[in-house]
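Novice: Please read through the structure below; I'll follow up with questions.
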Amino acid sequence: MPDTSQCRVCSGTVEQFFDFGRQPLADAFVTPGRTGEEFFYRMAVGACRTCTMVQLMEEVPRQHMFHEDYPYVSSGSTVMRAHFEKTAERLLDTELTGPDPFIVEFGCNDGIMLKTLADRGIRHLGVEPSGGVADMAAAKGIRVRKTFFEESVARDIVAADGHADVIYAANTFSHIAYVDDIFRGVRELLAPTGVFVFEDPYFLEIVQRTSFDQIYDEHFYFFAVRSVQEMAARHGLELVDVERLQVHGGEVRYTLAHPGARTPSPAVAELLAEEEARELTHPDTLRGFGESVEGTRERLLALLRRIRDEGGRVVGYGATAKSSTVINYCGIGPDLVSFICDTTPAKQGRLTPGLHIPVREPKAFADPYPDYALLFAWNHADEIMAKEREFRQAGGRWILYVPEVRVV
Ligand code: DWN
Ligand code: SAH
Ligand code: ZN
C-alpha cells in the first residue's frame, strides 16, 4: 500500500499517519438481506508536508455518500437546533444587514439553519444534493436546489439571484475533496464585501481528545487554522476570523473574505500560535495520536468483553456516522453490543454498515434497560443523559470512549 498521496489542496505530498484498514461507508445502513452489496474502501489519514492539511488518503465518490437515502437529519438534536438558531441570529445582526441581503448555504440538510432566516423573509437558497433531507427543507418553506455545490452551480445562482452577502456551510465544506472548484465558485458568487463562513470539526480537538471517530468517509478534510489559512490564500481568499465552538466535540467557525476586504481579527493569530505551540502536525504529535487511538481500541474492547463474559448486556446509544469507525476499527459486533437505539426513522430496522448491529427505536432502550449503554453520540452527551435520567436511576451505567474509555 502506498503511504503517500497528492494533496488535494496544494498538490504537495501527503504523508500517511494512521491506517484504519478496510471500512464501509459510515452512513450506509444496510437493509437486512442486502448485506452482500456493501461498498468498502481503505480508510487512512495523512498530513500534507507542504500546507499541513490533514486529509483522507483515498476519496470516496460523492454519489456513494450523498443521495436520495442519505439518512442523517440535522434537526434530531435540540442543542443543535438552538445552535443553528443562534447562528442565524448572529448572521442577521452582523452580515445580513443591507437592504435586500442574500445568503446561500451549501449542505443545508433539512433546513435547520435556514429556517430561522426564511421565517424572517430573508432571501436565501440552500444547495443540498441529498434528496430526502432536501425535501424536508423544502417542506419547511425553504428554497432549495437539489444538487452538489460546485462552480457551475455558483454561476447559475449568480445569474438567477445575484451575488451572495453570505455563503455558509456547516459540517459540509470538510466533506468536499474538490476544493479548487469550490473556491472558484465561492469567489464568483460572493459579493465584494461578502463573507464565506464555515464550521467543521477542529483537528486540534481530535488530537487532544483522541476523537478518532470523526474520521470516516464523509469527513475528507480535518481543518485547522494553519491549513485553512494557507488553503484560502492559495485559492484567492483571506482568513479573517476564527471562533471555537463546543458543538460536535469541538469545532472552529472560519470566516473568509475577498483579500483586503476585512481587517483580520486577532483571534486568527492567537489560535494559530496555539497550534504552533502544540506542534499540531509534527510527525511526533501525529504518531502519538495513532498510539492513543490504538490504546482506546484495546481498552474499549477489553471492557466490552469483560462485561459480556460476566453476563452483562450493552446497548449502543446513537447510530452515528462516527460509530461506524469505532465499531469497524475495533471489531465490535452484535455479540458485544446487542443493538443501537436511534431516533432517526431511516436508520431504524436497518443494520450498521460492516459489522451489522441492528438499529432500533429509542423505546427499545427501556424495554428493559441494559446494564450499560455505549454512548456513540458522545457529542450529544448532556442532551441524551438528561433525557435518559431514568436509566441511571435504574442502575444503568454509561460507557464513554472520548477523551478516554470510562464508565459513568
Ligand atoms: O458531519 C456530519 C455530522 C454533522 O452529522 C455528517 N457527516 C454526518 C453526521 O454525523 P453523526 O451521525 O456522527 O452526527 P451526530 O449528530 O452525532 O448523530 C447523532 C445520532 O444520534 C443521530 O442518528 C440521531 C441520534 N440521536 C438519538 O438517537 N437521540 C441524537 C440525539 C440527540 C438523541 O437524543
Ligand atoms: N449542515 C448540516 C448538515 C451536515 S451533514 C449540519 O451541520 O447539521 C453534510 C451535508 O452536506 C449533507 O446533508 C450532504 O448531503 C451535504 N453535502 C455533501 N456534499 C455536498 C456538496 N458538494 N454540496 C452541497 N452539499 C453537500
Ligand atoms: Zn497541501
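Novice: With a Förster radius of 41 Å, plug the Cβ-Cβ distance of Glu188 and Leu272 into 1/(1 + (r/R0)^6) and report the FRET value to the nearest 0.05.
Specialist: FRET efficiency, Glu188 to Leu272: 0.90.
Novice: Sticking with this one: What's the center-to-center distance, using Cα atoms, between segment 311-370 and segment 38-112 in Å?
Specialist: Result: 24 Å between the Cα centres.
Novice: Rounding to the nearest 10 and keeping the result within 0 to 90°, find how far the Cα-based axis of helix 266-277 lies from the longest principal axis of the chain.
Specialist: For 266-277 against the chain, the angle is about 40 degrees.
Novice: Using amide H atoms built 1.01 Å from N in the peptide plane, name the residues 5+ places from Phe39, or on other chains, whose amide H lies under 5 Å from its own.
Specialist: Amide H to amide H, under 5 Å and 5 or more residues apart or across chains, Phe39 pairs with Leu25.
Novice: Now, a different point. Would you mind computing, in nm to one decimal, how far apart the modelled labels at Lys146 and His163 are, each placed 7 Å from Cα along Cα→Cβ?
Specialist: So the label points at Lys146 and His163 sit 3.3 nm apart.
Novice: Here is a further query. What do you get for Rg/Rh of segment 1-156 when both radii come from the Cα atoms and Rh is the Kirkwood radius?
Specialist: 1.05
Novice: What's the angle, to the nearest 10 degrees (0 to 90), between helix 78-94's Cα axis and the longest principal axis of the chain?
Specialist: The angle comes out near 10 degrees.
Novice: Please report the equivalent ellipsoid semi-axes of segment 263-325, computed as sqrt(5 x eigenvalue) of the Cα gyration tensor, largest first, in whole Å.
Specialist: 38, 17, 9
Novice: Among Leu400, Val293, Gly354, which residue has its Cα positioned farthest towards the positive end of the charge dipole of segment 275-408, with +1 placed on the Cβ of Lys and Arg, -1 on the Cβ of Asp and Glu, and the dipole taken about the Cα centre?
Specialist: Among Leu400, Val293, Gly354, the one farthest towards the positive end of the dipole of segment 275-408 is Gly354.
Novice: OK, next. In whole Å, how far is the Cα centre of segment 225-278 from that of segment 127-183?
Specialist: 22 Å
Novice: If I measure Cβ to Cβ between cysteines in the chain, which ones have no partner under 4.7 Å?
Specialist: Cys108, Cys330, Cys341, each lacking another Cys Cβ under 4.7 Å.
Novice: Could you rank the peptides 13-22, 163-172 by their average count of other C-beta atoms within 10 Å per residue, with the highest value first?
Specialist: Per-residue Cβ counts within 10 Å, averaged per peptide and sorted highest first, yield 163-172, 13-22.
Novice: Antiparallel DSSP bridges in the chain: what percent, to the nearest 5?
Specialist: Bridges in the chain are about 55 percent antiparallel.
Novice: If you count, for each residue, the other Cβ atoms within 10 Å and average over each peptide, how do 263-273, 130-140 line up from highest to lowest?
Specialist: Taking the mean over residues of other Cβ atoms within 10 Å, the ranking is 130-140, 263-273.
Novice: Related question: Hey, what do the phi angles of segment 32-37 turn into as Karplus ³J(HN,Hα) couplings, whole Hz, using 6.51/-1.76/1.60 and θ = phi - 60°, x for Gly and Pro?
Specialist: Coupling constants for segment 32-37: x, x, 10, 6, x, 9 Hz.
Novice: With a sphere of radius 15 Å drawn around the Cβ of Leu25, what net charge do the other residues whose Cβ falls strictly inside it have (Lys, Arg +1; Asp, Glu -1)?
Specialist: Value of the local net charge: -3.
Novice: Please build a GNM for the chain, connecting alpha carbons under 10 Å apart, and tell me which residue among Ile357, Ile384, Ile327 fluctuates the most.
Specialist: Comparing Ile357, Ile384, Ile327 in a Gaussian network model of the chain, the most mobile one is Ile384.
Novice: Using each residue's phi in segment 316-324, evaluate 6.51 cos²θ - 1.76 cosθ + 1.60 at θ = phi - 60° and report the 3J(HN,Hα) Karplus result to the nearest Hz, with x for Gly and Pro.
Specialist: Taking θ as phi minus 60°, the curve returns x, 10, x, 7, 6, 4, 4, 4, 4 Hz for segment 316-324.
Novice: Given a Förster radius of 25 Å and the C-beta distance between Asp156 and Arg120 as r, what FRET efficiency does 1/(1 + (r/R0)^6) yield to the nearest 0.05?
Specialist: 0.50
Novice: May I pose another question? Once fully extended, how much extra length lies between Thr31 and Asp100, figured as 0.36 nm per residue of separation less the alpha-carbon to alpha-carbon distance?
Specialist: 20.2 nm
Novice: Amide H to amide H, which residues 5 or more places from Leu245 or on other chains are under 5 Å from it, using H placed in the peptide plane?
Specialist: The list, which skips near neighbours in sequence, is Glu251, Val252, Arg253.
Novice: While we're looking at this one, here's another question. Modelled label-to-label distance, Glu59 and Asp371, 7 Å Cα→beta-carbon offset: nm?
Specialist: Result for the modelled spin labels: 4.8 nm.
Novice: Out of residues 5 or more away from Asp371 or on other chains, whose amide H comes under 5 Å of its own, with H placed 1.01 Å from N in the peptide plane?
Specialist: Amide H neighbours of Asp371: Arg313.
Novice: Restricting to DSSP loop positions (anything but H, G, I, E, B) with no more than 14 other Cβ atoms inside 10 Å of their own Cβ, which GluC sites (Glu not before Pro) remain in segment 336-408?
Specialist: In loop regions of segment 336-408 (DSSP not H, G, I, E or B), the sparsely surrounded GluC sites (Glu not before Pro) are Glu404.
Laboratory data are not the source of any read-out in this text; all were calculated from the coordinates shown. Quantities reported herein were computed from a predicted structural model and do not represent experimental measurements. Please note: Cβ atoms are built from the backbone with ideal geometry, for glycine as well, and neighbour counts cover all protein chains shown.
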